[in-house]
1. Where the centre of each part is set by its Cα atoms, how far does segment 16-30 sit from segment 423-464, in angstrom?
2. Using only Cα atoms, what is the ratio of the radius of gyration of segment 259-364 to 2.2 N^0.38 Å?
3. Arranged from highest to lowest average of other beta-carbon atoms within 10 Å per residue, in what order do the peptides 191-199, 323-331 appear?
4. Put one equal scatterer on each alpha carbon of segment 415-489, apply the Debye formula with no solvent term, and list log10 I(q)/I(0) at q = 0.23 1/Å to two decimals.
5. Just want the answer: with Cβ charges of +1 for Lys and Arg and -1 for Asp and Glu, which residue in GLY156, MET236, ALA246 is farthest toward the dipole's positive end in the chain?
6. Place a +1 charge on the Cβ of each Lys and Arg in segment 7-376 and a -1 charge on the Cβ of each Asp and Glu, then give the dipole magnitude about the Cα centre in debye, rounded to the nearest 20.
7. Compute the distance from the alpha-carbon center of segment 333-348 to that of segment 62-116, in whole Å.
8. Given the -39500 (n - 2.57) contribution per DSSP H run of 4+ residues, what per-residue ellipticity at 222 nm results for the chain, rounded to the nearest 500 deg cm²/dmol?
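Derivation of every value follows stated rules applied to the coordinates shown; laboratory data play no part. Predicted model only: the values in this text are computed from it and were never measured. Using ideal geometry, Cβ is built from the backbone for each residue, glycine included, and neighbour counts are taken over all protein chains shown.
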Amino acid sequence: MLCTGLLMQAQIHDMRWLGGYDPQSPDPEWGGNKTIFHLAPPAMSIAEDHGLYINRTVGVYTDEGDSIIAYTNGWYVANAALAVMPNGSGLNPSTYFSPDDGFPNPSTHIFLPWPANPDSIALIHMIADSVSGGGTYLSARLYLSIVDRGLDNGLGDLTLKNHILLQEPLICGGLSAVRHANGRDWWVFTHGYLNNEFTSFLLTPHGFDGPFYQTIGSVRSGPPPSVNFSMSGVHMASSATGSEGAGLDVFDFDRCTGMLSNWQHADIAQPILIRNSAFSPNGNFIYVGRADTLYQYPLAGGLLGFPTVVAAYDGFYDEIPQFGTYFSWGTSLAANGWIYIGTGNSTHYLHTIHQPDQPGLTCNVVQHEHVLPTWNINCIPYRPNYLLGPVDGSVCDSLGLTVGEHELYPAAVAHVQPNPSNGNFSIGYKGQPTAGELVVLDAAGHVMCRHRLSAWSTVHAVELPGVAPGLYQCKLNWGARTVGARVLITETP
């Protein structure tokens, strides 16, 4: 009996990626595209006219049912009907760029659920107000806008737009966010220009506390860094190119106090672009690309080790000869558990890492594997870990929440879809911070398959080819905690 399990690191609110260029172009090659992660690896990308010209700037927010609520290209905020919200135009007022095109900087827009208010969504955003002598985009302001899900007949609208949170010289990009140790609030980070100063805010039910400042790490003077937190929230990685501080910075992070510590730095050869990094799901590895090379850095006990080259650019070009598929501009752990990497040019391709928790070449990098239906200029959205709960037992664990059990998540049950099934089905469940196990049993108690559930996963896809029709029991175990569901198989594929 063959049983195939397909792991999915599914996180709510981030299971749709939008990309592409001009939806008004008569050439479909320049239209929009959507990548969907809710099925099973590999992800599926389709052509879609999503109404907005999207360059490198994209933010997408979906609900618990995986339906799009809001998305932005830096100039407009649109809704599930693929239309600009009634108050959704005029985002990021600036005379430096034209709203006819998508804004070209990644990691500049983050959607976050407003704590204790399920109808409100915070959009933290910035845009370039000038360019330095070295060609670096600079921002003079950090903004807040708020989307109310209940307005416009449930399609949403902005109740606050372009409210200034911070007004000072900032690197335009590198926005990041992570949950507070209480499991409810959110830390939001940005970075100053020509200094090594992080600025943070804390989003609470009452609004934003801060700004708070901390001087630590490399001076940022070049293009915006790629900033990411590990899925557990205990580490931050910042990678960047530029005249100062080029390479990788890694920090420990205290989710209670919001303070960074234990700064470690790894130099990476210049002047090749370094604008992408991502943690593996278990946080033991950091992946950094520098156009022609992809590195894997081990992170054991908080100590950064020596890198392993897990891939070198293979010389592949898209249809136009000058469009090489490099390792550049955008690296993200997606909802299906794979890491996806932009190519640095407008191509039809993304690189993939199939097993990012594995060391060295066993992580399985596949270059230009994911094919997009339209041209795409590294439209990979930033995604925080929306499932991260409290730090149990810490001084900040004061709300009585347990991991994954707060206002965003349903009761502790598992759901099978479709049900009845032909033997191919997916099981949805609440994400847990530790690895678990899935066991599928027939009516007689015989084990049909047994598979590991990775930490933070919320969906696991199962294939049971050739099994007899009947009722099957699915048991999901995380230590002493067990949830179950039944699936009726009526025919086999």
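1. First find each Cα centre; the distance between them is then 37 Å.
2. Working: Rg = 14.0 Å, N = 106, 2.2 N^0.38 = 12.9 Å.
Output field value: 1.08.
3. Working: 191-199: 18.9, 323-331: 24.2.
For the peptides 191-199, 323-331, the packing ranking is 323-331, 191-199.
4. Ignoring solvent entirely, the Cα scatterers give -1.03.
5. Positive-end residue among those listed: MET236.
6. Values: 12 positive and 31 negative charges, 120 e Å.
The dipole magnitude comes to about 580 debye.
7. 21
8. Values: 1 runs with 4 residues, N = 493.
Roughly 0 deg cm²/dmol at 222 nm, from the helical runs in the chain.
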